Amino acid sequence: MHKRRVFLLITLLTISVIEAQKPKTPSSSQIYESIQKLNFLGSVLYVAAHPDDENTRLIAYMSNHVKARTAYLSLTRGDGGQNLIGPEIRELLGVIRTQELLAARRVDGGEQRFTRANDFGYSKHPDETLEIWNKDQVLSDVVLAIRQFKPDIIINRFDHRTPGQTHGHHTSSAMLSMEAFELANDTSAYPETLKETGVWKPHRLFFNTSWWFYGSRETFDKADKSNMINFDIGTYYPLKGMSNNELAALASSQHLCQGFGRLAQRGSQQEYIEFLKGEPLTDNKNIFAGIDTSWNRIKGGKIIGDILKKVENNFNFQNPSEHVSQLIEAYKLLQNIEDQHWKTQKTKELKTIIEMCAGLYLEASAETNWATQNETINLNIEVLNRSSHPITLESINSTSGLNISKNITLKNNTKYNFKEAIKIKNDAQTTTPYWLNTKGTLGMYNVENKNLIGLPETPRAYKIDFNVFIDNVPITFTKPIIQRFSKPDKGELYRPFEIIPEASAKITEKVIILDNDQQRDITVIVKAGRNGLEGDVEIYHPEDWSVYPKKQKIAIKNKGEEQTLVFTVIPPKNQSEGYISPIVHIGDKNYTKDLIEIAYDHIPFQTVLLPSESKIVRLDIKKKGENIAYIQGAGDVVPESLQQIGYNVRVLKPKEIDAETLSRFDAVVVGIRAYNTVEDLKFKQDLLFDFVAQGGNMIVQYNTNHRVKIDELAPYDLQLSRDRVTEEHAEVRFLEPEHPVLNFPNKITQKDFEGWTQERGLYFPNSWGQEFTPILSMNDKGETAKDGSILVAKHGKGHYIYTGLSFFREFPAGVSGAYRLFANMLSIGKDNIKQNQKLND
């Protein structure tokens with residue numbers, strides 16, 4: 001049975017991956033469910049702080065059982081977390097998590113919104129959170145989301161009454177929602193958006209409570225629930241062939257970068273929401289009690305509702321096109337509705353249903369997935385009417401200048417292909433996540449175009465309008481241009497159509513560490529966005545550094561090709577750091593951005609433009625030992641960072657770990673969360689401890705204190721906690737000033753803890769055996785000292801070190817003190833031993 005469940009989840013995930021990349025081709029049951037939702041005029045807004053905070057069980061239930069229009073407002077995009085599937089962190093991780101949220105909503109039927117708040121990392125109190133975020137701006141975004149979405153019901157994921165008891169972002173999301181509930185209906189609050197949105201008064205606000213918030217199931221069972229509504233969110237959907245919980249598990253499993261892939265659950269399960277404010281409850285079973293959710297809700301809606309209810313009650317699953325004329329009649333009436341909110345939303349839904357019932361397939365596929373300004377792109381346009389209902393294709397046009405009259409009667413199941421071309425405008429904006437266009441602050445994105453605030457992604461600039469007549473009624477269906485292609489090993493694939501700059505450039509290393517004053521070559525890669533790219537490249541650099549040559553020519557014949565250039569960097573004599581950036585000169589234009597591609601199977605292909613810069617550090621650093629084995633965990637760039645300072649690093653897979661292999665190394669470094677994510681390490685731990693006993697060093701980086709896959713984390717007693725120090729400027733105190741880790745081969749001082757990013761560290765041990773020596777003490781403001789950030793134990797002839805310091809964040813940021821401290825940990829005990837032989841290739 002267990003294997004069958006695993007297979008079911010894998011199958012559903014595979015289907016979800018495929019569906020995430022291609023246009024919808026709905027079944028009759030899906031069309032019917034869309035009609036059911038069309039006939040429900042009610043909405044729910046779920047509010048929390050991060051990707052993965054959302055309760056997919058409740059979102060799926062509201063969307064698929066209640067049939068309400070349901071959205072998740074995530075205040076951040078999750079930039080501050082870790083990545084279990086790749087090396088992307090910070091902004092790029094936020095892009096991945098944004099797309100994973102959209103993938104989850106495609107599964108559970110919800111919609112997705114955001115604010116401009118940046119996930120700056122773990123926060124212990126909402127006071128800190130709201131100061132870093134800029135409370136007024138984030139609150140204005142929550143108010144905007146309410147005014148735009150116009151929810152009847154708001155549900156908070158977290159409790160606004162518990163500041164300091166959980167993640168500060170979590171509590172802040174609830175506090176802001178509570179405040180915005182009232183402000184959204186106040187004309188004096190944020191009046192700059194009123195012209196487009198008007199005010200809105202939600203009916204009720206709830207808190208999605210559970211036993212977890214009460215500390216135990218027993219306490220929750222005894223709690224007064226008279227102010228709560230509960231739902232059986234285990235309901236089964238025959239039209240889907242799965243239960244609500246199975247659907248929810250599939251949705252949450254889209255959060256792969258957070259390791260949220262999970263088995264589905266079945267059977268009855270209760271979900272609770274606690275009433276907080278708004279219109280009093282009149283029915284503890286119905287969240288919409290007293291709210292008219294029928295078409296009678298809007299003036300002129302009854303006649304539309306009568307038509308659409310007949311369609312729903314008599315739906316023809318074998319031939320949905322039978323209902324096209326009724327749907328068109330409802331569409332005509334809907335255009336006369338005065339209520340602009342419901343007119344806009346229900347027109348969008350109804351057009352989609354008409355398209356589905358008629359079996360219309362409308363596609364504009366470009367010959368490439370990206371283009372540059374002034375470029376002409378060939379399109380293959382496909383139109384197909386897979387029903388017997390008469391439909392006329394009147395014309396095809398776009399804002400790019402395409403305007404072609406067709407006047408073709410679309411015959412049943414006859415494919416029409418048109419070869420057309422569009423020219424990209426001279427001032428076309430490049431395609432990149434809009435919130436990354438300009439530099440923000442630690443806590444906030446800067447969004448210059450206020451019309452984009454809240455949107456999950458940048459709207460596609462190039463679309464095609466298919467203008468058709470159905471029953472003599474004109475309707476326009478708009479489709480974004482995509483690229484449809486195939487690969488022999490993957491089949492049919494889709495990619496979004498992007499606008500990119502004619503030139504982009506990157507330095508291959510994001511951090512360049514020089515441990516002496518000898519010159520070093522760096523590699524710059526220039527990518528052509530068009531054919532026949534010619535120009536030159538220079539390197540911007542700090543004044544006390546030199547770069548040779550000053551400029552180099554580029555000449556790239558074909559679009560998509562790259563040219564590699566080598567520059568020589570000459571550092572100053574003394575320790576120094578700064579940033580270098582490539583500048584590509586093409587005619588009178590300069591290009592300074594790196595075109596980054598993010599390709600994972602479970603989300604659409606992403607292109608991101610970020611400033612192309614690398615941190616360059618002339619570092620006074622010494623080290624002992626040469627050969628390092630690295631065991632990957634959740635994904636980081638620590639191996640590459642150690643290579644930067646001259647170590648020979650080999651990444652070992654668990655199956656490669658044996659005594660003979662380990663004997664070739666001076667030290668073994670275990671990657672972040674390796675003991676949370678790599679199952680096979682539990683079979684290798686004794687070998688690693690033996691390696692230490694024979695004289696090797698073993699450094700274990702942070703793991704979470706749950707889902708640990710091994711019994712013995714260290715050769716001695718060591719207990720992990722949730723202790724962390726989130727203030728990157730927190731004072732660091734030396735508990736053992738004379739310890740080798742602080743003195744050999746580099747003298748560590750307070751200066752080495754300057755410039756740290758996001759945090760000091762996380763998941764520090766809070767209990768350990770007497771064999772361990774704690775090295776550092778630190779704490780956030782108002783908290784007790786945390787002494788478990790570095791623990792060193794002698795084991796046989798070698799040393800075992802556990803560290804929760806966030807080296808995985810400091811290395812990519814080029815924090816020189818982090819490199820020096822890590823070099824000392826690798827060097828401990830190596831002052832009098834013979835160096836191991838060099839690694840073979």
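Holding the Cα-Cα limit at 29 Å, pick out from LYS225/LYS343; LYS406/LYS589; LYS623/LYS682; LYS479/LYS506; LYS423/LYS589; LYS22/LYS348 the pairs that are longer than that.
As for pairs spanning more than 29 Å Cα to Cα, those are LYS225/LYS343; LYS406/LYS589; LYS623/LYS682; LYS479/LYS506.
Using amide H atoms built in the peptide plane, which far-off residues or other-chain residues are under 5 Å from HIS795 H to H?
The answer is TYR800.
Going Cα to Cα from LYS302, which aspartates and glutamates come in below 18 Å? Please leave out same-chain ones fewer than 8 positions away.
Here the aspartates and glutamates satisfying the reach criterion relative to LYS302 are ASP292, GLU312, GLU329, GLU338, ASP339, GLU349.
Pairs to check: LYS351/LYS450; LYS124/LYS709; LYS351/LYS559. Give those whose C-alpha atoms are more than 31 Å from each other in this structure.
LYS351/LYS559
Kindly work out what percent of the DSSP beta bridges joining two residues of the chain are antiparallel, to the nearest 5.
Taking every DSSP beta bridge within the chain, about 75 percent pair in antiparallel fashion.
Only Cα pairs under 8 Å and at least 6 apart count here; give the relative contact order of the chain as a rounded whole percent.
Across the chain, relative contact order equals 9 percent.
Which loop GluC sites (Glu not before Pro) in the stretch 530-598, with loop taken from DSSP, have no more than 16 other Cβ atoms within 10 angstrom of their Cβ?
Loop-located and lightly packed - GLU543, GLU561.
Give a residue-ordered list of calculated ³J(HN,Hα) values for the stretch 51-66 (Karplus: 6.51 cos²θ - 1.76 cosθ + 1.60, θ = phi - 60°; whole Hz; x for Gly, Pro).
Using θ = phi - 60°, the values come out as x, 5, 6, 5, 8, 5, 4, 6, 4, 4, 5, 5, 6, 9, 9, 6 Hz.
Could you derive backbone 3J(HN,Hα) for the stretch 513-524 from the dihedral phi with the Karplus parameters 6.51, -1.76 and 1.60 (θ = phi - 60°), listing whole Hz in sequence and x where the residue is Gly or Pro?
Using θ = phi - 60°, the values come out as 9, 10, 8, 7, 9, 7, 5, 8, 7, 10, 10, 10 Hz.
Treating only the Cβ atoms of Lys and Arg (+1) and Asp and Glu (-1) as charged, compute the dipole magnitude of the stretch 103-242 about its Cα centre; round to the nearest 20 debye.
Here the size comes out at about 440 debye.
In the chain, if the dipole is taken from +1 on Lys/Arg beta carbons and -1 on Asp/Glu beta carbons about the Cα centre, which of VAL692, GLN326, ALA117 is farthest to the positive end?
After comparing all options, I get GLN326.
DSSP loop (so not H, G, I, E, B), at most 11 other Cβ within 10 Å: list which trypsin sites (Lys or Arg not before Pro) in the stretch 17-70 pass both filters.
LYS24
Loop only per DSSP, at most 11 neighbouring Cβ atoms within 10 Å: give me the trypsin sites (Lys or Arg not before Pro) in the stretch 501-608, ordered by residue number.
The qualifying sites are LYS550, LYS557, LYS573.
When DSSP beta bridges are limited to those with both residues in the stretch 627-827, what percentage is antiparallel, rounded to the nearest 5?
In the stretch 627-827, approximately 55 percent of DSSP beta bridges are antiparallel ones.
Can you tell which of GLN770, LEU609, ILE475 lies farthest toward the positive end of the dipole of the chain, using +1 and -1 charges on the Cβ of basic and acidic side chains (Lys, Arg; Asp, Glu)?
ILE475
Along the charge dipole of the chain, pointing to its positive end and built from +1/-1 on Cβ of Lys, Arg, Asp and Glu, which listed residue (ALA659, MET825, LEU101) has its Cα farthest out?
So the residue furthest toward the plus end is LEU101.
Which whole-angstrom value gives the distance between the alpha carbon centres of the stretch 634-700 and the stretch 176-234?
After rounding, the separation between the Cα centres reads 48 Å.
Would you mind working out the magnitude of the charge dipole of the stretch 627-827 relative to its Cα centre, with +1 at each Lys and Arg C-beta and -1 at each Asp and Glu C-beta, to the nearest 20 Debye?
Result for the stretch 627-827 is approximately 240 debye, rounded to the nearest 20.
Based only on other Cβ atoms within 10 Å, what is the fewest-to-most ordering of ASP465, ASP686?
Least to most surrounded, the residues fall as ASP686, ASP465.
Could you tell me how many degrees, from 0 to 90 and to the nearest 10, lie between the Cα long axis of helix 91-108 and the main elongation axis, the longest principal axis, of the Cα atoms of the chain?
On a 0 to 90 degree scale, this one is about 40.
Collect residues whose amide H, placed 1.01 Å from N in the peptide plane, falls under 5 Å from the amide H of ASN531; neighbours closer than 5 in sequence don't count.
For ASN531, the qualifying residues are LYS559.
Using +1 on the beta carbon of Lys and Arg, -1 on that of Asp and Glu, and nothing else charged, what's the dipole of the chain about the Cα centre, debye to 20?
Dipole magnitude for the chain comes out near 1860 debye.
May I ask for the percentage of alpha-carbon pairs in the stretch 627-827 that lie more than 32 Å from each other?
The calculated P(r) of the stretch 627-827 puts 8 percent of pairs beyond 32 Å.
Using only the alpha-carbon atoms, how far is helix 324-334 inclined from the longest principal axis of the chain? Give it as 0 to 90 degrees, nearest 10.
80 degrees
In terms of the Cα gyration tensor, with a ≥ b ≥ c the square roots of its eigenvalues, is the stretch 260-346 rounded because a/c is under 1.5, prolate because a/b exceeds b/c, or oblate?
It is oblate, given that a/c is not under 1.5 and a/b is not larger than b/c.
Rounded to the nearest 500, what is the 222 nm mean residue ellipticity of the chain from helices alone, with -39500 (n - 2.57) per DSSP H run of 4+ residues and division by all residues?
The per-residue figure over the chain is -7000 deg cm²/dmol.
What are the ³J(HN,Hα) values, in whole Hz, obtained from phi via the Karplus relation 6.51 cos²θ - 1.76 cosθ + 1.60 with θ = phi - 60°, for each residue of the stretch 144-157 in sequence order, with x given for Gly and Pro?
Result, rounded to whole Hz: 4, 4, 5, 5, 7, 7, 6, x, 6, 10, 10, 10, 8, 6.
Read-outs: derived from the displayed coordinates by stated rules, not from any lab. None of these values were measured; they are calculated from a predicted model. When we count neighbours, we look across all protein chains shown, and the Cβ atoms used for this are built from the backbone with ideal geometry, even at glycine.
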